[in-house]
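Asks: Here's a structure for you.
What follows is calculated from the coordinates using simple rules that are stated; it is not laboratory data. Just so you know, these numbers come straight off a predicted model, no measurement behind them. Cβ: placed from backbone, ideal geometry, glycine included. Neighbour counts: every protein chain shown.
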There are 4 protein chains.
Amino acid sequence: MSTQVIVLNGGSSSGKSGIARCLQAVLPEPWLSVGIDSLVDSMPASLKTSPAGIDFAPDGGVSVGPRFRALEAAWMTGIAATVRAGARIIVDDVFLGGAASQERWRQALDGLDVLWVGVRCEGEVAEGREIVRGDRVPGMAAEQAEIVHKGVVYDFEVDTTRTESLVCARAIAARVA
Amino acid sequence: MSTQVIVLNGGSSSGKSGIARCLQAVLPEPWLSVGIDSLVDSMPASLKTSPAGIDFAPDGGVSVGPRFRALEAAWMTGIAATVRAGARIIVDDVFLGGAASQERWRQALDGLDVLWVGVRCEGEVAEGREIVRGDRVPGMAAEQAEIVHKGVVYDFEVDTTRTESLVCARAIAARVA
Amino acid sequence: MSTQVIVLNGGSSSGKSGIARCLQAVLPEPWLSVGIDSLVDSMPASLKTSPAGIDFAPDGGVSVGPRFRALEAAWMTGIAATVRAGARIIVDDVFLGGAASQERWRQALDGLDVLWVGVRCEGEVAEGREIVRGDRVPGMAAEQAEIVHKGVVYDFEVDTTRTESLVCARAIAARVA
Amino acid sequence: MSTQVIVLNGGSSSGKSGIARCLQAVLPEPWLSVGIDSLVDSMPASLKTSPAGIDFAPDGGVSVGPRFRALEAAWMTGIAATVRAGARIIVDDVFLGGAASQERWRQALDGLDVLWVGVRCEGEVAEGREIVRGDRVPGMAAEQAEIVHKGVVYDFEVDTTRTESLVCARAIAARVA
C-alpha cells in the first residue's frame, strides 16, 4: 500500500510548513498541504481570542478550549475523508498534547497509510527563526520545542537545527511508499 | 433541520470572502469559512501554473485541468464529511462551470441542509474593486461577473454593487435555519 | 506648478489605501504610494507594542509615544526629499491629532505642491468594513471616523460611504494639476 | 561617529530581510528597516510588469527600466534625508548591477556613516530556501547568488549557508559603531 498521509509534527518555527512545500516540490505525485494554521484561519475571529476557542498568551503560551476541540475533531474527520476520496495530504500540526494529540489523529486516520514524521529543532535556534519570521508571538518556539514530541511515536524524524528544509524533505520523501 | 452549509457563489471581487467573515461575526454559532482560494493555496506550486492544474491567463481567464478537478472532488467530499462530523461551514466558490459546478457540490453535499446564496456584483464595480485589492489578475472580475451564475439555482441572492457586505451578511443570516 | 504630493487622510477602514491604488491606476504618470502602515511595518517589533512607540489597545484605541514621533518626523522629511528628487507620492495617513497632525506634514512638505484630500466614511459603515477585512483591531474604525478630520483643512473631500473607491479616485485625479 | 546606515546586499532568498529583523531585535537603539521590496510594493501595478519599470521573467531573471531607475534614485535620496533627519536605517537591497549599484548608493548616502554588509548564501541552498518560501519566482535565488556581489566592497560579510540569521545579525551588530 502506498503512503496516503504524511503527518509533520513539530513546535512553532521548527520548519514544518517549509518542509511541506518542499515535499510538494520533490514528490512525483500532487500532494495537498494543510495545517493547523489553516484550521485556525478558517475559524471566526471571536474564537481566536477566546478561552473556548484558541488563546495566544503574550508569553507564547497557547491554550485551546472545547469549541476549538470540537471543530478540530470535525476537521480531522474531513481530512481523512478527503484522503479516502483519493487525495494525498501532508498535514502539519503542533501536538500541544503530545501523545494524546497523536491518538486523536490516529483515530481520525484509522485504516489509512500514514507516515508519522517528527520535525525537531533546538529551542534556541527555533527562537531565533521566530525573530526572523517577525509575525509570531515571541516565546512560542521555545515553549513548544520539546513538549510537542512527548510520548509521540514516529516513523521518521528530521532535525532542522543544522539541516536545510529541502534536505529534510528529500529524506522524508525517500520514506514515502 | 437547521442549516449546515452556506454556499456563496460569485465572481472574483464580488465580495464573497468578506461576506463570509461577516457571517462568522453575526451568526450566533461558530462557523468555519473555507473557499476555493484555500484549496488552490493547498496545492503544489507546480499545479498553480499548469494546464493540468489551474492556470491564470494574463487577461483574467482561468482554466482548470484534470488534476485540479480530481483534487477538488476529494476536497468537496472532505468538506461534506467535516459537516457530517458536526461543523457548520461557509463555502465560497466561483462556479466557473455555472450549473455544472453547482451539480458537483449538490452531489458532494447530498443529504445536508444547504443554503445556496448567489453573490452578485455588476461587472464594472467588481472591476474597480479588483484594482482596490491590488493582488488579483486584472480582468478576472469582469470575465466572471455573469458566467458564474448561469443556470445556478439559489435560495437567496445578494448584490454587493450598492449594498455593504455586512448588510448582505445580515440578510443571509436571517435565512439560516 | 503641478501636483507633487497627494495626502489622503481618513480613519481606519475608510478606504485610503484602496483609493491610493486606484489613483496609481488612473493617473497618467507613475506615482509612489506610501502610508503610515508602511512606516509602522518598518519599525522594530518592540516599538509596535510599546507606549514609547505605538500601542494598539484591545478596544481599538491607538496611542503613540516619543520614539514613534521621532521616527515619524524623520520619515516625513524623507518623503519630502523623495518628492524634491523627482518622485510623485501619494501618502495615506491617519491624523490621530487632527489639525496638529496636518501641521506636522505642512512643515515637512513646505514648498511642495500638495493636494490635501479628506477621505470620509460614516463610522457604522467603516466598522462593517473592518469586519470584512478581518485583520484589524475591532473598534479602530468607529473610534477614528470623526476625530481624524477635526480642524483639518482640505482641498477636496471624498466620502466612500456610498461611493466606490475607483470613483473617488477619479474625482481626486481630476483635481491633480 | 556612530553608524547611521547598514546596507545589506545579497541575492534573493539569501536571508537579508530576516537578518534585518534580527538586527532590529538585537541593536539597543530603534532602527527602521526598509528594502527594495518595499520600493517595488509602493510602485503602480503597471510598473511591476513593464520593461520601463521592473520585469520578473518566468526563469527568475529580473530587469529594470528607466522609470524604475528614476523612482529608485529619488527613493535613495529620500532614505539619505530620513537618516540625516535622525533615523537609523537598515537597507536591504539586491545589487543587480554589482559595483555600479553600490556606487549609486554611495552617492546617495554621501557624508553618512555606512556599514556595508555582504550577505552571501551558496546558490544551491538559496534555491532550496526559495522553495521553502513559496512566494518567489523560481530561479531568482540561483541567478542572483553570485552576480550581486561582483565588484562590491564590504566592511563585513556574513554567510547564511550554514549560519543562522540571528547569529549573523549578532556579528553585524558587533561592528555597529
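Asks: Once every Cα of region D:55-128 carries one equal point scatterer and solvent is ignored, give the base-10 log of I(q)/I(0) from the Debye formula at q = 0.14, 0.23 Å⁻¹, two decimals.
Replies: Here log10 of I(q) over I(0) equals -0.57, -1.19.
Asks: How far, in nm to one decimal, is A:Asp55 from itself in the other copies if the label point is set 7 angstrom along Cα toward Cβ? Shortest first, please.
Replies: With the label placed 7 Å along Cα→Cβ, A:Asp55 yields 2.2, 5.2, 5.6 nm.
Asks: Can you give me the three principal axis dimensions of the protein assembly as shown from its C-alpha atoms, in Å, biggest first?
Replies: Principal extents (largest minus smallest coordinate, Cα): 70, 55, 45 Å.
Asks: Right, here's the next one. Roughly how crowded by other chains is peptide A:69-80, in terms of the mean Cβ count from those chains within 10 Å of each of its Cβ atoms?
Replies: Rounded to a whole number, the mean comes out at 6.
Asks: For chain C, which semi-axes, largest first and in whole Å, follow from the square roots of 5 times the eigenvalues of its Cα gyration tensor?
Replies: Ellipsoid half-lengths, sorted descending, are 24, 21, 14 Å.
Asks: Okay, helix-only estimate at 222 nm for chain A: each DSSP H run of n ≥ 4 adds -39500 (n - 2.57), divide by all residues, round to 500 deg cm²/dmol; what do you get?
Replies: Calculated from helices alone, the mean residue ellipticity at 222 nm is -12000 deg cm²/dmol.
Asks: Work out the FRET efficiency for B:Arg106 and D:Asp135 from their Cβ-Cβ distance, taking R0 = 35 Å, and round it to the nearest 0.05.
Replies: Rounded to the nearest 0.05, the efficiency is 0.50.
Asks: Of A:Lys150/C:Lys48; A:Lys16/D:Lys16; B:Lys150/D:Lys48, which pairs sit farther than 24 Å apart, going by alpha carbon to alpha carbon?
Replies: Exceeds cut-off: A:Lys150/C:Lys48; B:Lys150/D:Lys48.
Asks: Give me the inter-chain shielding for D:29-36: mean count of other chain Cβ atoms within 10 Å, whole number please.
Replies: For this peptide, the per-residue mean of nearby foreign Cβ atoms is 5.
Asks: While we're looking at this one, here's another question. Given region C:118-157 reduced to its alpha-carbon atoms as identical point scatterers, what log10 I(q)/I(0) does the Debye formula return at q = 0.19, 0.22, 0.26 Å⁻¹?
Replies: Results for region C:118-157 at q = 0.19, 0.22, 0.26 Å⁻¹ read -0.56, -0.69, -0.85.
Asks: Please compute the contact order of region A:1-123 in relative form: average sequence separation of alpha-carbon pairs under 8 Å and at least six residues apart, divided by the residue count, as a percent.
Replies: Result for region A:1-123 is 49 percent.
Asks: Once phi is turned into θ = phi - 60°, what whole-Hz ³J(HN,Hα) does the Karplus curve with 6.51, -1.76 and 1.60 give for every residue of region D:19-34, x standing for Gly and Pro?
Replies: 5, 4, 4, 5, 4, 4, 7, 9, 6, x, 8, x, 10, 7, 10, 10
Asks: Counting Lys and Arg as +1 and Asp and Glu as -1, each charge on the Cβ, what is the dipole of region A:20-174 about the Cα centre in debye, to the nearest 20?
Replies: I would put it at about 400 debye.
Asks: Okay, next question. Which value in Å does the Kirkwood hydrodynamic radius of region B:89-147 take, with 1/r averaged over all unlike C-alpha pairs and then inverted?
Replies: Taking the inverse mean of 1/r over all distinct Cα pairs, region B:89-147 comes out at 13.1 Å.
Asks: Long-range amide H contacts for B:Phe156: which residues qualify at under 5 Å (H placed 1.01 Å from N, peptide plane, sequence gap of 5 or more or a different chain)?
Replies: B:Trp116, B:Gly118
Asks: Please report, for D:Arg106, the nm distances (one decimal) from its label point, 7 Å out from Cα along the beta-carbon direction, to the equivalent points in the remaining copies, shortest first.
Replies: 4.4, 6.5, 7.2
Asks: Averaged across D:85-91, how many Cβ atoms of other chains sit within 10 Å of each residue's Cβ atom?
Replies: Mean shielding by partner chains, rounded to a whole number: 5.
Asks: Now a separate question. Closest beta-carbon to the C-to-B rotation axis: which chain C residue owns it, and what is the separation in whole Å?
Replies: C:Arg162, 4
Asks: Mind putting together the pair-distance distribution for region D:1-86? All Cα pairs, 5 Å bins, whole percent per bin, short to long.
Replies: Histogram of Cα-Cα distances, whole percents per bin: 3, 11, 20, 20, 20, 13, 8, 4, 1, 0.
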